[in-house]
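Notes follow once the structure below has been shown.
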Amino acid sequence: QAEHSEITTCAYCGVGCSFRAEMRGEEIIRMVPNKDGHANHGHSCVKGRFAIGYATHKDRITKPMIRAKISDPWREVSWDDAIAYAASEFKRIQGQYGRDSVGAITSSRCTNEEVYVVQKLVRAAFGNNNVDTCARVCHSPTGYGLKQTLGESAGTQTFDSVMKADVIMVIGANPTDGHPVFASQMKRRLRQGARLIVADPRRIDLVRTPHIEAAHHLSLRPGTNVALINSIAHVVVTEGFVNEDFVRARCDLASFDKWRIFVSQERHSPEAMQDVTGVPAAEVRAAARLFASVPNAAIYYGLGVTEHSQGSTMVMGIANLAMATGNVGREGVGVNPLRGQNNVQGSCDMGSFPHELPGYRHVSDDVARGAFEAEWNVKLSPEQGLRIPNMFEAALDGEFKGLYVQGEDIAQSDPNTQHVTASLSAMECIVVQDLFLNETAKFAHVFLPGSSFLEKDGTFTNAERRISRVRKVMSPKSGVGEWEATQKLANALGYPMNYTHPSEIMDEIARLTPTFHGVSFDKIDRLGSVQWPCNDAAPEGTPLMHVDAFVRGKGRFLVTEYVPTTEKVNAKYPLILTTGRILSQYNVGAQTRRTENLAWHSEDRMEIHPHDAEVRGVVEGDWVGVTSRAGDTVMRAHLTDRVQAGVVYTTFHHPFSGANVITTDNSDWATNCPEYKVTAVEVTRVSQP
Ligand code: SF4
């Protein structure tokens, strides 16, 4: 029997399902999906409902710890001593190596308020803009690409909008595993008769599932997204499918004309591109015609779009297609990035970028920066700071020495593990704030215990810009909440912070961020959730964006030239590895691997086409060595024709197989989002490790 409960928000994916967390004392006994939840309407998936044991797992670290060298054993200390040690080290490093030698990485697992306070610490106490978010490695191209074309770094719709779609195009996303509750809603619409187009190198479940068969599965070669979207656009433009009225009324015509001329060129036709993409031209033409000929066509995309050397270009290509066919600004349409973690959208909104203040205002914008300077009573730097990969490079150059990492296991999650760990080893003070001693903590000097979502008050913002409350049902196990620890560190560094509750942090965010002017805990409590922009113009929030005009005024088309990745297959590395996740695990598995239920104990496997397996003498369940230009690892093989011949696929949930040991440093040209989805590899049979 529950003794007390609160409505809160799931800490896993970007759907942001609402639950009632039922407690007996300090023990969580049940997560009950909330029928009134605006994102999930009473539904849930196995992760949100059952994978909660990590919150009380024995591996939780609940005492702050320090050590002078990473070869020393950890020493438990008081909060005051840990904070004083971290502050003195950061001060020493800045004194010795300069103001820009320290920085922080925020987490999309943390609340908006926790992220906001960390970026404030960096800007106000460190005095630089060296703050980045783990969204760098997932959806940073979404932020960039959508801002350039539509004017706002966010998806355009609500999840419920899919119920008005006539065609659903899913590009580089696997909603069944990654966003299960939204996938169920999407499937309901498909069973009602909406048509489905899937663009993915792998035959994801959605392609063929009970009562659903994709009209077209465009099984493209990894790394050729932009070639494919250009060939779809070619059909739209050359076969008369442009929505001329929409484009004339809503878009920048000079940019449209330039784009139209570009995609009309024969070199972008499906026939010209089929040797590049591997997708038969007739299939591309049929898919393009279907997409462009229905009243409402909606695009949903994921990391298969963003995690490429042309991730930002592909996001722009998707926005171009939506605008050209008039599929923006009403229900059933839109450009919909499926955000991975629970608060990817929020961590970006909160200004944890080295070039942007909260609300996506550039640090060089004197007016925006002036407002923060007045509120924070400090002079801020107008110079862009370091992105995560820049921090790693600067560390190897001896210029970056101190890092505060909030809730992200960069040593496991970021690409080219060898490069990351070499960079971490070159730093002199790493402060890790987390629930567990993760892979990154192996390189840390200070460990500050984090709090699970059950131990905190605050807000998460889901993939549809919906800000929902996270409510505390138990005290922080360490006695100190995450924002409180950050605040202590700021004070110890000499910059005063005096919040007494996260609602005060949100009030400050609202004062300083135009799209949040109308947001408060009271309003969210009253309405259940609000979707930003929420301000005087939209006091109850904005479910659909760009309804009468684009945020930037006229929608801007951008030319999207296809540039092949530099990651090439050759005789030594003849296969292309691409990556993804499974339903029962979550990212680096810090939470899901710590559940009591054995059904969760999966392993990362290498999916390989039976033909590729046969020529290598590999049979089902064999151990295989996987070698790339970056490194090598071992895992078990799984033979399946879900993947094309020439392509292999794995997940990245376990440190044992460490998929990122083999991913490379290639990244998106605009945002440095890593190219996780294209790695040239060879697979060979090995004996059991
Ligand atoms: Fe949590 Fe996502 Fe599952 Fe909803 S769909 S319960 S937000 S993991």
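A few points about this structure:
- Screening Gly402, Gly398, Gly370 for residues that are touching a Cys at 6+ places or on another chain (Cβ under 6 Å) and over 22 Å from Ile467 (Cβ atoms) leaves exactly one candidate, Gly402.
- Counted residues, region 1-17 - those being under 26 Å from the mean Cα position of the chain (by Cα), part of a strand (DSSP E or B) and of a type outside the set (A, V, I, L, M, F, W, C): 2
- Checklist (1) part of a loop (DSSP other than H, G, I, E, B); (2) under 23 Å from the mean Cα position of the chain (by Cα); (3) of a type outside the set (D, E, K, R) applied to Ala68, failing item: (2)
- Condition check for Asp59: surrounded by fewer than 20 Cβ atoms within 10 Å (Cβ to Cβ), away from the ligand (no atom under 16 Å from the Cβ) and not in a loop (DSSP other than H, G, I, E, B): no
- Checking each residue in region 646-689 for being in a loop (DSSP other than H, G, I, E, B) and modelled with pLDDT under 80 picks out Phe652, His653, His654, Pro655, Phe656, Ser657, Gly658, Gln688, Pro689.
- Every residue from region 239-271 that is out of contact with any Lys or Arg (no Cβ under 7 Å at 6 or more places or on another chain), small (Gly, Ala, Ser) and surrounded by 12 or more Cβ atoms within 10 Å (Cβ to Cβ): Ala249, Ser264, Ser269
- Residue that is hydroxyl-bearing (Ser, Thr, Tyr) and under 30 Å from Leu338 (Cβ atoms), where the choices are Ser78, Ser88, Ser44: Ser44
- There is no residue in region 18-30 that is part of a loop (DSSP other than H, G, I, E, B) and within 13 Å of the ligand (Cβ to nearest atom).
- The set of residues from region 469-510 being in contact with a Phe, Trp or Tyr (Cβ under 6 Å, 6 or more places away or on another chain) and among the hydroxyl-bearing types (Ser, Thr, Tyr) comprises just one member, Ser503.
- Some residue of region 135-142 being surrounded by 24 or more Cβ atoms within 10 Å (Cβ to Cβ) and charged (D, E, K, R): yes
- Region 669-689, subset among the charged types (D, E, K, R) and out of contact with any helix residue (DSSP H, G or I) (no Cβ under 7 Å at 6 or more places or on another chain), residue surrounded by the most Cβ atoms within 10 Å (Cβ to Cβ): Glu675
- Only listed residue being touching a residue at least 40 places away in the same chain (Cβ under 8 Å) and within 30 Å of Lys58 (Cβ to Cβ), chosen from Arg466, Arg471: Arg471
- The lone exception for Val46 - which of (1) within 13 Å of the ligand (Cβ to nearest atom); (2) under 30 Å from Glu428 (Cβ atoms) it fails: (2)
- Scanning region 268-325 for residues that are within 17 Å of Thr149 (Cβ to Cβ), of a type in the set (A, V, I, L, M) and modelled with pLDDT under 95 yields a single hit, Val305.
- Scanning region 551-582 for residues that are small (Gly, Ala, Ser), under 20 Å from Tyr649 (Cα atoms) and part of a strand (DSSP E or B) turns up just one, Gly580.
- Candidates in region 462-507 are the residues that are β-branched (Val, Ile, Thr) and away from the ligand (no atom under 16 Å from the Cβ); of these, the one that is surrounded by the most Cβ atoms within 10 Å (Cβ to Cβ) is Thr486.
- Number of positions in region 172-189 that are crowded, with 23+ Cβ neighbours inside 10 Å, more than 16 Å from the ligand (Cβ to nearest atom) and at negative phi: 0
Quick grid of which residues meet (1) surrounded by fewer than 24 Cβ atoms within 10 Å (Cβ to Cβ); (2) within 15 Å of the ligand (Cβ to nearest atom):
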position: Lys35; (1), (2): yes, yes
position: Ser88; (1), (2): yes, no
position: Ile93; (1), (2): yes, no
position: Gly98; (1), (2): yes, no
position: Asn112; (1), (2): no, no
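- Test result for Pro295, in contact (Cβ under 8 Å) with a residue 40 or more places away in the chain and surrounded by fewer than 24 Cβ atoms within 10 Å (Cβ to Cβ): yes
The values are calculated or read from the model by the stated rules, or taken from the named source; none is laboratory data. Bear in mind the structure is a predicted one, so any value in this text is a computation, not a measurement. All Cβ positions, even for glycine, are placed from backbone atoms using ideal geometry, and neighbour counts span all protein chains on display.
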